[in-house]
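> Below: one structure in structure tokens.
The values are calculated or read from the model by the stated rules, or taken from the named source; none is laboratory data. As the structure is a prediction and not an experimental result, all values here were calculated from the model. Reconstructed Cβ throughout: ideal geometry from the backbone, glycine too, with neighbour counts over all protein chains shown.
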There are 2 protein chains.
Amino acid sequence: MQYPGGPVQVQDIGEQKLLQILQRFCPPEIIGDDAAVLLTEPGKSLVVTTDVLVDNVHFSEVTTSPHDVGWRAAAANLSDIAAMGAWPLGITVGLALTGNVPVSWVEQLYEGMTECLQKYNTPIVGGDVVRSPVITVAISAFGQAYPGRIIRRNQAKVGDAIVVTGVHGASAAGLELLLHPEIGENLPHSDRTALIHAHQRPQPRLDVLPILWEIFDSHSPLPISGMDSSDGLADAVVQICRASGVGAVLESPQISLPTAFDHWLPKQQALEYALYGGEDFELVLCLPKEPAHVIVQNLGKGAAVIGTIIEGSTVLLHDQNGKIPDQVVTLNRGFQHFS
Amino acid sequence: MQYPGGPVQVQDIGEQKLLQILQRFCPPEIIGDDAAVLLTEPGKSLVVTTDVLVDNVHFSEVTTSPHDVGWRAAAANLSDIAAMGAWPLGITVGLALTGNVPVSWVEQLYEGMTECLQKYNTPIVGGDVVRSPVITVAISAFGQAYPGRIIRRNQAKVGDAIVVTGVHGASAAGLELLLHPEIGENLPHSDRTALIHAHQRPQPRLDVLPILWEIFDSHSPLPISGMDSSDGLADAVVQICRASGVGAVLESPQISLPTAFDHWLPKQQALEYALYGGEDFELVLCLPKEPAHVIVQNLGKGAAVIGTIIEGSTVLLHDQNGKIPDQVVTLNRGFQHFS
């Protein structure tokens, strides 16, 4: 990343001054020790996750402001916590910076993180700042959950309904619009803005958890399996099926798509975005049919039952209307390779 | 870092295969969900810390094998946990790799980490592997402690003895010997090996904690302030004094040095290594004189009372023997700047 010579850079102020600036974004009581101390509630388990984001691999100045990098990094980690059925306690931020990064870039990164986190009362509780040839942001998030309410991938049962908590494909379409504005020529301005916003400011679905807790008795284990759709809806369904030793049928007309897709994309391409696009950060949940429909009603807009868990190991995409031929859903398109 | 074309590289096997290889180093029950689940004990607080290491900034193939990079990264994080008076629960590892890193390099990194961790029954509970132009290792460590036993920096009291749990300067001298072997020409082979080993395989001082817990009644708060000496002994004393609003006198003849220094280094240079070298990962503790001496006796070799907390804000290095003039200890030499 190149910057004009103008703004104050981190190499101008040194590590200690930079840390002082960043500490403004942290609760004062946690600053200054070798590690941060967090209170946990008795009887709950600790849930931890970590993500690494690299400049020009996971974000780029073309599509993502520092504020958005911060928001997205925080959202991705909170989404992992939500996908476990846990509530966040805090995050740590490990920051590797080139010397010529403007101090304002780092401040905006932290502003983006804290703006996303504050909705969930989640503090930045610590971190590390080091020098590097490449900007790298490593976030770890901590949450807690009652052991019986933890949501795992490997508990999907034959007959379970497959629920999505919202639309899929918006984030990938938003990224495409940022990279290739010309493909959105026929798209109304508000639709374009909505898709780009979905990419830049995804919402972790922590709001889903209280709905689950209300529906299910807290004294018996939650009969829910699931994960988030950060690597795409197809990836989530395939991963759940693999871990649970089951298959699935997805009804393609039931997969909720952004309204902006309606008159813009051919059905097949809309489905590609939804299945393989990734970074929508919705939850994909497998649970008995009756509570599944209650949850969908409670969640409203975009939430849907999109299929059923079956025996076997195949994930089949089916169209009741017969418009699109049946196809087997695989992971091949959802993966990042080292190349 | 450059590698010959021979060995299998991470870009040859892809992310999923690499993750499978790395999962061999993790407990099987924690694998496969969006986040890891750890059990915490009731009544204890959660302690979290994070470190980022960058190739050619924090380690280099000249001085550090991948096994040592892993060991040192794990040790540094466990040391932060120990410095808080906490016992480790687990670590997460965020790994950014260039495509041409040999798979064996990554395996050796994990072997080094797990070898250091297993002494303390601490598992690798999760992580992330991503592509990057620069090898970067981001570790977060989690531990727990009873709230009354947490060791903070800001509790040092006038009259407290200042205790070090072992010798200082060995790690920095070991690094110098790796970078400039010629300076060790007059050093016996066993001394040279010991210093290099101190640099490559530092020991987090978790063994100190049970000794503290035995000496102090568990029903009243631990009357101890402290931190680890990862950034140097001088840095640790200055940071504790700043946080506590006090000063200190260090008695230079009391600062324990490696026996290898005895006939090798002039006293002044030996002290420079000890005060400003860093990465010895000892604990620097401030506590009342009587229990301080009990702890030193219990710890044995290298442990010592090296000074006293006084009023004011100055950290003075004093030599009772008058061989070295009094000097004020500052942080200037202990800092990394972005440059």
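> Please find, within segment A:41-95, the residue that is farthest from A:Leu206 (Cα to Cα) out of those that are of a type in the set (S, T, N, Q) and surrounded by fewer than 24 Cβ atoms within 10 Å (Cβ to Cβ).
A:Asn56
> Sticking with this structure for a sec: Inside segment B:309-339, can you point out the residues that are among the aliphatic types (A, V, I, L, M) and modelled with pLDDT under 80?
Answer for segment B:309-339, where residues must be among the aliphatic types (A, V, I, L, M) and modelled with pLDDT under 80: B:Ile324, B:Leu331.
> Just to check your reading of the model, which residue among B:His293, B:His318 is of a type outside the set (Asp, Glu), under 24 Å from B:Pro204 (Cα atoms) and in contact (Cβ under 8 Å) with a residue 60 or more places away in the chain?
The conditions single out B:His293.
> Does segment B:101-113 contain any residue that is in contact with a helix residue (DSSP H, G or I) (Cβ under 9 Å, 6 or more places away or on another chain), buried (at least 22 other Cβ atoms within 10 Å of the Cβ) and within 12 Å of chain A (Cβ to nearest Cβ)?
Yes, because at least one residue in segment B:101-113 is in contact with a helix residue (DSSP H, G or I) (Cβ under 9 Å, 6 or more places away or on another chain), buried (at least 22 other Cβ atoms within 10 Å of the Cβ) and within 12 Å of chain A (Cβ to nearest Cβ).
> Can you work out which of the residues in segment B:237-255 that are touching a Lys or Arg at 6+ places or on another chain (Cβ under 9 Å) and of a type in the set (Gly, Ala, Ser) is surrounded by the fewest Cβ atoms within 10 Å (Cβ to Cβ)?
B:Ala243
> Then there's this: For segment B:82-90, does any single residue satisfy the condition of being away from chain A (no Cβ under 11 Å), more than 16 Å from the chain's Cα centre (by Cα) and under 23 Å from B:Ile151 (Cα atoms)?
No: segment B:82-90 contains no residue that is away from chain A (no Cβ under 11 Å), more than 16 Å from the chain's Cα centre (by Cα) and under 23 Å from B:Ile151 (Cα atoms).
> Quickly run through segment A:137-187 and pick out the residues that are of a type in the set (Ser, Thr, Tyr) and surrounded by 24 or more Cβ atoms within 10 Å (Cβ to Cβ).
Result: A:Ser140, A:Thr165, A:Ser171.
> State whether one or more residues within segment A:3-13 are of a type outside the set (Phe, Trp, Tyr), part of a loop (DSSP other than H, G, I, E, B), under 16 Å from A:Gly127 (Cβ atoms) and more than 8 Å from chain B (Cβ to nearest Cβ).
No, the conditions are met nowhere in segment A:3-13.
> Which one of the conditions (1) in contact with a Leu (Cβ under 9 Å, 6 or more places away or on another chain); (2) closer than 27 Å to B:Glu115 by Cβ; (3) not assigned by TED's automatic domain parsing to the domain that holds B:Leu97 does B:Ile183 fail to meet, given that it meets all the rest?
Only one criterion in (1) in contact with a Leu (Cβ under 9 Å, 6 or more places away or on another chain); (2) closer than 27 Å to B:Glu115 by Cβ; (3) not assigned by TED's automatic domain parsing to the domain that holds B:Leu97 is unmet by B:Ile183, namely (2).
> More than 12 Å from chain B (Cβ to nearest Cβ), under 25 Å from the mean Cα position of the chain (by Cα) and on the phi < 0 side of the Ramachandran plot - does that describe any residue in segment A:35-52?
No, segment A:35-52 contains no residue that is more than 12 Å from chain B (Cβ to nearest Cβ), under 25 Å from the mean Cα position of the chain (by Cα) and on the phi < 0 side of the Ramachandran plot.
> In addition: I need the full set of residues from segment B:130-148 which are more than 25 Å from B:Gly85 (Cβ to Cβ), more than 19 Å from the chain's Cα centre (by Cα) and more than 8 Å from every other protein chain (Cβ to nearest Cβ), in order please.
Scanning segment B:130-148 gives a single hit, B:Ile135.
> Could you please let me know if B:Ser230 is in a loop (DSSP other than H, G, I, E, B), touching a helix residue (DSSP H, G or I) at 6+ places or on another chain (Cβ under 8 Å) and exposed (fewer than 13 other Cβ atoms within 10 Å of the Cβ)?
no
> Same structure again: What's the number of the condition A:Asn121 fails, among (1) touching a residue at least 12 places away in the same chain (Cβ under 8 Å); (2) more than 11 Å from chain B (Cβ to nearest Cβ)?
(1)
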